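Comments concern the structure below.
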Amino acid sequence: MAIGSTEMIIVMQESATSEEVDRILELLDSAGARGHVSTSDLVTVIGIAGERDVIAGLPLEAYPGVDKVLPILHPYKLVSREFRRSDTIITVGGTSLGGGHLALIAGPCAVESEEQLFEAASVVKEAGATMLRGGAFKPRTSPYAFQGLGVRGLEILAAAGQQTGLPVVTELMDPRDLEAVVEYADIIQIGARNMQNFQLLSAVGGVERPVLLKRGLAATVEELLMAAEYIVREGNDQVILCERGIRTFETATRNTLDISAVPILKQRSHLPVVVDPSHASGKVDLVEPLSLAAIAAGADGIMIETHPTPETALSDGAQSLDPAQFRAVAARVRDAAAWIGKSMG
Ligand code: PEP
Ligand code: MN
């Protein structure tokens, strides 16, 4: 059986007869697919090769003698390791992420004012960050909470990026703001809440800007990769995957950092992986250990929230590092990069 072209496997019941197997082979034949039968002591297995969509439409499970039908290849294609063996490297403004380049993306949750952002930008630049983050359009759980400065925030962010020489990352929530975000941002962030906003994914798939795609709060690794597939399918293959913690029963942290998602994503996809320990934990003192864990697990970048005065932050102050805390974590991130054999940026 040519495993590479096999789309699905049918496991027959132990009691299945050879007539039942033959009926399935006839069905596959009539649908233009090929079945390869292999029989062991206990069960008969049929490997199916052919057009995935056609095979998926066949009522295989309804046939007598069938125990289960299992897909073989992952449903995503363009983002898969099989599709591209080598790591995708994202390069913006002279700095890279992926394939041996570790990015340190830092800045406040939200752009609040010129003063706040310029201060944050100079702190992160001086501490060795390779990119600047800051939200102008904020997805807030409460409609009464600060929603971001909108286009004014984008202008401030771009100006701070220019002044420090750092590429800027900012979130897009609405396709109607795409043009403005493309004008000011070097990397477009798609937030966790929008990971399955398929129109938004397709929209950013049509522009020439790298996309940082955050994992949804309740999304599986496969769903994250399918969301990335939406973007790449439109022609934009510059996608960065971001593990930012998922919802579990655990209440000790804001979310649960799924550290194993990092090596799994790296195995299954050629796309670079960034970890956001700030949203994953919601706690300042967990940012350093989780950053180090992420680098050890193979992350291509770390995204950290930091604020000149976290106590006055308009969003996510409790998880934002102050300048001294950020400098300390950035130094440890640099050490970890050297230890694992990656360059900063
Ligand atoms: C953020 O980066 O500030 C943010 C809103 O992240 P997430 O979408 O992961 O919650
Ligand atoms: Mn935030």
Scanning segment 58-89 residue by residue, those under 30 Å from ALA16 (Cβ atoms), assigned to a loop (DSSP other than H, G, I, E, B) and in contact (Cβ under 8 Å) with a residue 24 or more places away in the chain turn out to be LEU58, TYR63, PRO64, GLY65, ILE72, LEU73, HIS74, PRO75
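Going by the structure shown, is THR220 more than 16 Å from ligand 2 (Cβ to nearest atom) and either in the same structural domain as GLU305 (by TED's automatic domain parsing) or touching a Gly at 6+ places or on another chain (Cβ under 8 Å) (or both)?
So THR220 fits the description; yes.
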List every residue pair whose Cβ atoms sit under 9 Å apart, with the two residues 6 or more apart in sequence or on different chains, where the first one lies in segment 160-185 and is farther than 19 Å from ALA103 by Cβ and the second, anywhere, is among the charged types (D, E, K, R) and within 16 Å of ligand 1 (Cβ to nearest atom). MET173/LYS138; MET173/ARG193; VAL181/GLU171
Of the conditions (1) within 18 Å of ARG254 (Cα to Cα); (2) in a loop (DSSP other than H, G, I, E, B); (3) of a type in the set (A, V, I, L, M, F, W, C), ALA299 satisfies every one except a single condition; which number is it? (1)
Please go through segment 192-224 and give me each residue that is under 17 Å from ALA261 (Cβ atoms), in contact (Cβ under 8 Å) with a residue 12 or more places away in the chain and assigned to a loop (DSSP other than H, G, I, E, B), ordered by number. MET195, GLN196, ARG215, GLY216, LEU217, ALA218, ALA219
Is at least one residue of segment 167-175 farther than 14 Å from PRO139 by Cα, out of contact with any His (no Cβ under 6 Å at 6 or more places or on another chain), of a type in the set (A, V, I, L, M) and more than 16 Å from ligand 2 (Cβ to nearest atom)? no
What residue, among those in segment 265-283 that are among the polar types (S, T, N, Q) and buried (at least 24 other Cβ atoms within 10 Å of the Cβ), is nearest to ligand 1 (Cβ to nearest atom)? SER278
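Conditions tested, residue by residue: (1) in contact (Cβ under 8 Å) with a residue 12 or more places away in the chain; (2) part of a loop (DSSP other than H, G, I, E, B).
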residue	(1), (2)
THR91	no, no
GLU115	no, no
SER122	yes, no
ALA129	yes, yes
PHE137	yes, yes
PRO143	no, yes
GLY148	yes, yes
LEU154	yes, no
Taking into account only those residues within segment 225-265 that are touching a residue at least 60 places away in the same chain (Cβ under 8 Å) and part of a helix (DSSP H, G or I), which is farthest from ligand 2 (Cβ to nearest atom)? ARG233
How many of the residues in segment 59-81 are small (Gly, Ala, Ser) and either modelled with pLDDT under 90 or not assigned by TED's automatic domain parsing to the domain that holds VAL43 (or both)? 1
Pull up segment 266-296, narrow it to residues that are in a loop (DSSP other than H, G, I, E, B) and within 16 Å of ligand 2 (Cβ to nearest atom), then point me to the one that is nearest to the chain's Cα centre (by Cα). ASP276
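LEU290 - would you say it is aliphatic (A, V, I, L, M), away from ligand 1 (no atom under 13 Å from the Cβ) and closer than 22 Å to LYS125 by Cα?
Yes: the conditions hold for LEU290.
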Go through the residues of segment 323-336 one by one and say whether even a single one is under 21 Å from the mean Cα position of the chain (by Cα) and away from ligand 1 (no atom under 16 Å from the Cβ). yes
Can you tell me which condition GLN196 does not meet? The list is (1) more than 20 Å from LEU213 (Cα to Cα); (2) polar (S, T, N, Q); (3) more than 15 Å from ligand 2 (Cβ to nearest atom), and all the others hold. (1)
Scanning segment 315-341 for residues that are within 16 Å of ligand 2 (Cβ to nearest atom) and among the aliphatic types (A, V, I, L, M), which turns out surrounded by the most Cβ atoms within 10 Å (Cβ to Cβ)? LEU321
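The values are calculated or read from the model by the stated rules, or taken from the named source; none is laboratory data. All values derive from a computational prediction rather than experimental measurement. A quick note on method: Cβ atoms are made from the backbone with ideal geometry, for glycine too, and the neighbour counts reach across all protein chains shown.
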